[in-house]
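What follows is calculated from the coordinates using simple rules that are stated; it is not laboratory data. Predicted model only: the values in this text are computed from it and were never measured. Here the Cβ is made from the backbone with ideal geometry for all residues, glycine too, and neighbour counts use every protein chain on show.
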Amino acid sequence: MSIRACRLLLIDCYREKKGGRIDRYKESLKAAGSIAKISLTIEICPESELEEIENVDTVVLTGSEQMISAGEWSPSLRLLLQELQIPTLGICYGHQALAAAYGGLVQKDIRRHEGPEEIYVCSRDSLFNRFTAPVLMSQSHEEIVVASPELLACFDITAVGAGRQVESIRHRQKPLRGVQFHPERSGEPGLRLLANFLRSV
């Protein structure tokens, strides 16, 4: 199989630049690219500096300390997510922002999620090709996407947690996906998921 080239825009949504978090995304995406036989060029753009996106093949949005339910996200990110027509993966905060951009409800959960949790695939999606349920993925969040009528008007829910909370969504008309968990912190299963995403680009 020949190696394909791909330009990826990594939108850094973190407010505090610490702990090598962005390096972990870059390393995981590069490793996933190797699995998928894709040569990745990764460009990084802070959420606060978003402008019109050009000359990239795909977009990944990171997690963040910001709270969607408290309005802690930029109008420019909302507009970008509504306009994107290229394969996009929102992770944690990025997943919540994607849902909210299309009218979905994001709210604080009754508990904080931290560490590995079981994820159950509930709808066919190439993101989860060759996964058997349940799969352990690392979590780090307080907010969740609610399976509201507004969300379901635009998205299919493709995976849920043990408590039936929304863990993965796929837009019905556009190549947009979100995952509540952190594949970049989830070892081999997370790399396989990222590789599956890159194959869809």
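Remarks
- Calculated [222 nm] ellipticity per residue, helices only, for the chain: -7500 deg cm²/dmol; basis is -39500 (n - 2.57) per DSSP H run with n ≥ 4, divided by all residues, nearest 500.
- With q set to 0.12, 0.23 Å⁻¹, the log10 of I(q)/I(0) for the range 18-116, from the Debye formula over equal scatterers at the Cα positions, is -0.44, -1.40.
- This ranking places Cys13, Cys122 by how few other beta-carbon atoms lie within 10 Å of each, fewest first, which gives Cys122, Cys13.
- For the chain, the relative contact order works out to 23 percent when only alpha carbon pairs closer than 8 Å and six or more residues apart are counted.
- Annotation for Gln173 and Glu49: the two label points, set 7 Å from Cα along the Cα-Cβ direction, are 3.3 nm apart.
- Here the spin labels are modelled as points 7 Å beyond Cα on the Cα-Cβ line, and at Asn129 and Lys37 they lie 1.1 nm apart.
- Calculated SAXS-style log₁₀ I(q)/I(0) at q = 0.11, 0.18 Å⁻¹ - the chain, Debye, Cα scatterers: -0.44, -1.33
- Within the range 101-201, the proportion of Cα pairs with more than 16 Å between them is 54 percent.
- Surface/4 estimate of mean projected area, convex hull on alpha-carbon atoms of the range 156-197, nm²: 3.1 nm²
- Site-free segments of the chain were taken between trypsin sites (Lys or Arg not before Pro) in DSSP loops having at most 16 other Cβ atoms within 10 Å, sites themselves excluded; the longest one is 38-123.
- Here each label is just a point 7 Å from Cα along the line to Cβ, and for Asp23 and Ser200 those points are 3.0 nm apart.
- Multiplying the residue separation of Cys122 and Gln165 by 0.36 nm and removing their Cα-Cα distance gives an extension gain of 14.3 nm.
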